[in-house]
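The values are calculated or read from the model by the stated rules, or taken from the named source; none is laboratory data. Computed from a predicted model, the values in this text were never measured in an experiment. Heads up, the Cβs are rebuilt from the backbone with ideal geometry, glycines too, and the neighbour counts pull from every protein chain shown.
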Amino acid sequence: DVKVTQSSRYLVKRTGEKVFLECVQDMDHENMFWYRQDPGLGLRLIYFSYDVKMKEKGDIPEGYSVSREKKERFSLILESASTNQTSMYLCASSAGTGAPDTQYFGPGTRLTVL
Amino acid sequence: AQSVAQPEDQVNVAEGNPLTVKCTYSVSGNPYLFWYVQYPNRGLQFLLKYITGDNLVKGSYGFEAEFNKSQTSFHLKKPSALVSDSALYFCAVRDGPLGKSTFGDGTTLTVKP
């Protein structure tokens, strides 16, 4: 089975802190994604990556950056956390290039910014 | 641009009754359609997808979905609901094989005994 793990289930940070959310997948997937999930707003794509050292902006990239130095790891960075970034963050991966492939999700990180 | 709509925030059904969770989409090309489920305190899980072929797609846990091109819909169905089906359901669409998926806002399904 595909396994996508996220470094923390719960995280509490203060406004202005730099925050790192880590995601690791163990199935040699090409594609990795970061979403945030907010009640009534569904899942919104922040950034995604099709390959190592490659990144593409999603629908709401402002205030975030990402890093993909290794194929299995995709990091989301909040350069200066703000209260409106309090949310559930979901990482996902998918296998293929050129295929309408299924995404596999991690358990999520619930981030609270005080 | 692609979009997806789940017109119902909440669906309530009695155990044993059929259930339908609605999804409509908009894409410029051929749609690739997905349903995911999120059980309480758990991550999203894939249920089923439509890529091409038969309009009726069968997935996990007895769920199925019907692709209707003329109505641009991809409603999720199950003939007999279980209390354990209670969860948050997301529809997603992608315009073609490459690129990102767009998710709906989600529909909370509650099945009462």
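Taking the conditions exactly as written (under 30 Å from A:VAL4 (Cα atoms) and surrounded by fewer than 16 Cβ atoms within 10 Å (Cβ to Cβ)), does B:THR24 satisfy them or not? No, not satisfied.
With respect to B:GLY43, is the statement that it is within 13 Å of chain A (Cβ to nearest Cβ), in contact with a strand residue (DSSP E or B) (Cβ under 8 Å, 6 or more places away or on another chain) and modelled with pLDDT of 90 or more true? No, not satisfied.
If you go through region A:1-21 and pick out every residue that is closer than 23 Å to B:PHE34 by Cα, surrounded by fewer than 15 Cβ atoms within 10 Å (Cβ to Cβ) and of a type in the set (Val, Ile, Thr), you end up with 1.
Only strands (runs of 3 or more DSSP E) whose full extent lies in region B:23-113 are considered here, and the ones with at least 1 residues that are hydroxyl-bearing (Ser, Thr, Tyr) are B:24-26, B:31-38, B:44-50, B:73-78, B:87-95, B:107-112. Any residue that is buried (at least 20 other Cβ atoms within 10 Å of the Cβ) and either aliphatic (A, V, I, L, M) or within 16 Å of B:VAL21 (Cα to Cα) (or both) - is there at least one of those in region B:94-102? No - not one qualifying residue is present in region B:94-102. Number of residues in region A:22-33 that are buried (at least 21 other Cβ atoms within 10 Å of the Cβ) and not polar (S, T, N, Q) equals 3.
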